[in-house]
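Notes follow the structure.
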Ligand code: GRF
């Protein structure tokens, strides 16, 4: 399967996918990496792996819809079977959803539906949860509201309340990378269909 991965940051999830794709049995190839900003480590990781990249910044466009159209076109140019948003910090617009909905996989560092949005780790910690974790899900038109594919649990310790969630996020990201690699590989090899709130293999 052909993957386009969209990022906004360090790209450790991207790196996990790059490493997984090195195994032909994994069944997927990253054909391009897109970002909404320059000078992020994730773009260096893509370039080191010889993967084509594109950067589209919202502020370079007169309207948000123009940016969404440009992102849709740049992604479609690589004919992806699946799009993976891994730490991509922009909400995908209607044009992108119309083109790719049902084939966009996102990873979020909390146990959805709890703590959606850009600060899932911090919000869970502030709430005083005893366990949190990460969620791999299909993207729908909402924010972190699409059908859930996989989840992983991470315990919260008293020490986590001392460093603003830094250590906790790293522990979550360690689980998240494995969850994302496994979920993307399975969907890439087996195909999938959505039945209500459930994501099922294509082959019954
Ligand atoms: C991940 O935890 C992702 O779930 C969140 O931001 C982090 C991105 O990390 N949205 P990276 O850029 O993949 O290292």
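Read-outs: derived from the displayed coordinates by stated rules, not from any lab. Just so it is clear, the structure is predicted and the values come from calculations on it, not from any experiment. Ideal geometry is used to build each Cβ from the backbone, glycine not excepted, and the neighbour counts take in all protein chains shown.
Remarks
- Rounded to 10°, Cα long-axis angle of helix 12-21 versus longest principal axis of the chain: 60 degrees
- Highest GNM mean-square fluctuation among 62, 76, 86, for the chain modelled with Cα contacts below 10 Å: 62.
- For the stretch 9-40, the residues whose backbone nitrogen is under 11 Å from a point 7 Å from the Cα of residue 53, taken along Cα to Cβ, are 9-11, 33-40.
- Within a Gaussian network of the chain (alpha carbon springs, distance under 10 Å), most fluctuating of 28, 70, 110: 70
- Inter-site label distance for residue 122 and residue 163 at 7 Å from Cα along Cβ, in nm: 1.7 nm
- Cα point-scatterer Debye curve for the stretch 151-204, base-10 log of I(q)/I(0) at q = 0.17, 0.29, 0.30 Å⁻¹: -0.66, -1.08, -1.11
- Springs between Cα atoms under 10 Å define the GNM used for the chain, and in it the highest mean-square fluctuation of 95, 42, 164 occurs at 164.
- Quarter of the Cα convex hull surface for the stretch 68-181, i.e. its orientation-mean projected area (nm²): 6.9 nm²
- The stretch 1-104 - convex hull of the alpha-carbon atoms, volume per residue in Å³: 84 Å³
- Segment residue 66-residue 194, length gained on full extension (0.36 nm per residue, minus Cα span): 43.1 nm
- The chain: Rg to Rh, with Rh as the Kirkwood radius over Cα pairs: 0.96
- Considering helices alone, the calculated mean residue ellipticity of the chain at 222 nm is -11000 deg cm²/dmol, with DSSP H runs of length four and up weighted by -39500 (n - 2.57) and normalised per residue.
- Centre-to-centre separation between the Cα atoms of the stretch 20-35 and those of the stretch 128-204: 19 Å.
- Compared with the alpha-carbon gap, the fully stretched path from residue 153 to residue 44 is longer by 36.2 nm at 0.36 nm per residue.
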